[in-house]
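Student: My questions will all concern the structure given below.
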Amino acid sequence: MSFYEMSFELTNKCNLNCLHCLRDKSDMRSSISTGLFDSILKQAKAYSLQHVAFTGGEPTLHPQFDRIVDTVVAYDYTYHFVTNAWNFLSVWKMLNDPAHPGRMHKLSGISISLDGANETTHDFIRGKGSFKKILQAISILRVKGVDISVQITVNKKNFGEIEQMAMLASELGLKRLFYAHLEPTTLAFAQDLVLSPQQYREAEARVEKLKKAMKIEINFSLGHHEQLPFFQCRALTMYSPNIDYKGRLSFCCQISGYRDADDEGLDVVADLNTVSLFDAHKAWADAIHTFNLDKIELIKNNQLTELDAFSCYYCSKYFGKIDWMEKFPDNPWAQDVLKTRHTHRMKRHVPGRKKP
Amino acid sequence: MITYSIPEDIIVTDLDNNEAILLDMRNKRYYSLNETGLVIFKGIEANLSQDKIIETIMTVYEVDKEKADSSVNGIIQKLLSLNIVEKHET
Ligand code: SF4
Ligand code: SF4
C-alpha cells in the first residue's frame, strides 16, 4: 500500500531534552510552512492518500499546529501524532474546540512516549515532571475515548522494566504498545544508555514473550533483528513518505535529522520547496533502487555482518550517520562500524540529491 | 476538627476549571469530576475546612447553606468511599 500515509516532521522545536533523543539539536529551530504543507497534501490527493502522521521534534509546537490540523481535515484525511505530552492541556483544548469538530472527528489516535515504568526512570530520561504530564494526558484521552499508543525506547536505564512498562500500559487501558531500539548517539553513549547487540536481542525476546502473554497489542518497531538480509521495511515499500521540517522528502523518518551525523544530507532525497511531490517520489524510488542494489552487492559478496541484521542500524551506517562511533573503539557497535565503513556506504549519486 | 487530604497516588488533571479527571495510580482507575465536584476537590487540595468549602459553594453557586451542605457532604462521602480523599480527625 504505497503512499497510504505521509509522515511529517512538523518542527524541530522541542520542549524536552531527552537523553536518548535522536534528533539534531544544533540546527536552527524551524517548522514546515503551512503553505508548503497545504501544497503537498493537495498533490497527495492524486495518490489517494488516506492518513497523515505528525512527528518532530514535538509536533504540537508547530506555531500553527491548529492550522495544520485544519488543513488535514479540509482534505479529508485522518491523522495521528506523537507527543511528549508536555503541553497537552493546551493541545487538547485546541483539538476540542467546538467551532472545529473535524479536529476530533479525523483524529485516529495519539502516540505518547513513555520511557520507564515509574516516575524515577522515566523522568531520568525525559526530565523532571514528564511522567506526571504523560499520566495526565493519558487520563484525558482514556476518559474521552481517544485511542492511545505508547512508544517505548529501550535503553540501559529501562531495560529491567520492559515487562513492568507493558503491565503499566495494560493497567492504564491503553490500546497498543511499541517498543523500539535506541538509535545510538554520542549523548546516549556518554550517558551509558546504549545496550549491547546481545541485549538488543534479549529485549526482542522478552517483548516476544509479552506479545504472547498479554492482551494489549504489543509490537517491536522497525530496527529489530531481521533474519532475511533483503528485508523490505515500510519505508522501502514506500508506505509512508517522510517530509522533514524543512520540507524535504527524506529516505526514512528513522534516520532523518540524526544527531551528530557526519553527513546530514545523504538521506535527503528531494526538496519539496523546489520540486513537485511527483518528482520527489521519482527521486525516492531512485534512492531506494540504489539502496537495494548496494545491499544485493553486499549479499553477493557475503559482506553483511551479524549486526547488519538490525535493519535501521544498517541504514544509519549506510547513510553516514554514525561514523562518530570510532571515538568508542571498545564498543561492539563501534567495532562493526569501523570494520564496514568503506563497504557499507552509499556511494552512487541519485538524481535530485546532493552528491556524498 | 475534621480535615481531608488527597493521597499522592491521585493524579489530577484539571480541564479548564469546569471538569477534572482523576487517575488513581494504586488501582489505575479513572474518575471524572464535574464542576461542583471540582470546586470541592480544590477546596480539599487547598486544605480548607469542610465549613469553608460549604461557604465557597454558597458563594460560587448562590445556593443556601442547606443545599451547599448536602452537596459537599455527598461528594466528600463519595470521594472517601473511593479512597480518593482521606479523612483526618484532630
Ligand atoms: S525524544 Fe522527542 S520529546 Fe525528547 S527531546 Fe527528542 S524530540 Fe523532544
Ligand atoms: S532506517 Fe532503514 S530499515 Fe529502518 S525503517 Fe528506515 S529504511 Fe527501513
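Here's the yes/no breakdown for (1) more than 16 Å from ligand 2 (Cβ to nearest atom); (2) assigned to a loop (DSSP other than H, G, I, E, B); (3) touching a residue at least 12 places away in the same chain (Cβ under 8 Å):
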position: A:Lys156; (1), (2), (3): yes, yes, yes
position: A:Glu161; (1), (2), (3): yes, no, yes
position: A:Phe178; (1), (2), (3): no, no, yes
position: A:Glu183; (1), (2), (3): no, yes, yes
position: A:Leu195; (1), (2), (3): yes, yes, yes
position: A:Tyr200; (1), (2), (3): no, no, yes
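Student: A further question on this structure: If the requirement is being over 28 Å from A:Ala137 (Cβ atoms), more than 14 Å from every other protein chain (Cβ to nearest Cβ) and surrounded by fewer than 18 Cβ atoms within 10 Å (Cβ to Cβ), which of these qualifies: B:Lys42, B:Lys78, B:Lys65?
Tutor: So the residue among B:Lys42, B:Lys78, B:Lys65 that is over 28 Å from A:Ala137 (Cβ atoms), more than 14 Å from every other protein chain (Cβ to nearest Cβ) and surrounded by fewer than 18 Cβ atoms within 10 Å (Cβ to Cβ) is B:Lys65.
Student: Exactly one condition in (1) modelled with pLDDT of 95 or more; (2) away from ligand 1 (no atom under 16 Å from the Cβ); (3) surrounded by fewer than 21 Cβ atoms within 10 Å (Cβ to Cβ) is false for A:Phe37; which is it?
Tutor: Unmet for A:Phe37, out of (1) modelled with pLDDT of 95 or more; (2) away from ligand 1 (no atom under 16 Å from the Cβ); (3) surrounded by fewer than 21 Cβ atoms within 10 Å (Cβ to Cβ): (3).
Student: Condition first: assigned to a strand (DSSP E or B), touching a residue at least 24 places away in the same chain (Cβ under 8 Å) and within 18 Å of the chain's Cα centre (by Cα). Can you find one or more residues in segment A:265-272 that meet it?
Tutor: Yes, that holds for at least one residue.
Student: Hey, any hits in segment A:278-296 for a residue that's hydrophobic (A, V, I, L, M, F, W, C), touching a residue at least 24 places away in the same chain (Cβ under 8 Å), within 16 Å of ligand 1 (Cβ to nearest atom) and touching a Gly at 6+ places or on another chain (Cβ under 9 Å)?
Tutor: There is no residue in segment A:278-296 that is hydrophobic (A, V, I, L, M, F, W, C), touching a residue at least 24 places away in the same chain (Cβ under 8 Å), within 16 Å of ligand 1 (Cβ to nearest atom) and touching a Gly at 6+ places or on another chain (Cβ under 9 Å).
Student: Starting from segment A:231-248, take each residue that is hydrophobic (A, V, I, L, M, F, W, C) and list its partners that are within 16 Å of ligand 1 (Cβ to nearest atom), counting only C-beta distances under 8 angstrom and pairs at least six apart or across chains.
Tutor: A:Ala235/A:Asn242; A:Ala235/A:Cys253; A:Ala235/A:Gln254; A:Ile243/A:Ser7; A:Ile243/A:Phe8; A:Ile243/A:Glu9; A:Ile243/A:Ile32; A:Ile243/A:Ser250
Student: Here is a further query. Could you list, in sequence order, all residues of segment A:230-262 that are within 12 Å of ligand 2 (Cβ to nearest atom) and surrounded by fewer than 20 Cβ atoms within 10 Å (Cβ to Cβ)?
Tutor: A:Phe230, A:Phe231, A:Gln232, A:Cys233, A:Arg234, A:Leu236, A:Thr237, A:Met238, A:Tyr239
Student: Continuing with this model, one more query. Give me the residue from segment A:40-71 that is polar (S, T, N, Q) and closer than 22 Å to A:Leu114 by Cα and, out of that set, surrounded by the most Cβ atoms within 10 Å (Cβ to Cβ).
Tutor: A:Thr60
Student: Which one is modelled with the highest pLDDT among residues in segment B:1-28 that are exposed (fewer than 14 other Cβ atoms within 10 Å of the Cβ) and at the interface with chain A (Cβ under 10 Å from one of its Cβ atoms)?
Tutor: Per the criteria, the residue is B:Asn27.
Student: Counting just the residues of segment A:86-112 that are within 14 Å of chain B (Cβ to nearest Cβ) and over 21 Å from A:Cys14 (Cβ atoms), which one comes out surrounded by the most Cβ atoms within 10 Å (Cβ to Cβ)?
Tutor: The residue in question is A:Asn96.
Student: Kindly check whether there is at least one residue in segment A:211-225 that is of a type in the set (Phe, Trp, Tyr), within 16 Å of ligand 1 (Cβ to nearest atom) and either more than 14 Å from chain B (Cβ to nearest Cβ) or in a helix (DSSP H, G or I) (or both).
Tutor: no
Student: Assess whether A:Leu22 counts as being aliphatic (A, V, I, L, M) and away from ligand 2 (no atom under 16 Å from the Cβ).
Tutor: For A:Leu22, the condition - aliphatic (A, V, I, L, M) and away from ligand 2 (no atom under 16 Å from the Cβ) - is not met.
Student: Moving on to the next point. Any idea which of A:Val350, A:Val337 is within 16 Å of ligand 2 (Cβ to nearest atom), modelled with pLDDT under 95 and crowded, with 16+ Cβ neighbours inside 10 Å?
Tutor: A:Val350
Student: Please go through segment A:160-177 and give me each residue that is surrounded by fewer than 18 Cβ atoms within 10 Å (Cβ to Cβ) and within 20 Å of the chain's Cα centre (by Cα), ordered by number.
Tutor: Those that are surrounded by fewer than 18 Cβ atoms within 10 Å (Cβ to Cβ) and within 20 Å of the chain's Cα centre (by Cα): A:Lys175, A:Arg176.
The values are calculated or read from the model by the stated rules, or taken from the named source; none is laboratory data. Bear in mind that the values here come from a model prediction, so they are computed numbers and not experimental data. When we count neighbours, we look across all protein chains shown, and the Cβ atoms used for this are built from the backbone with ideal geometry, even at glycine.
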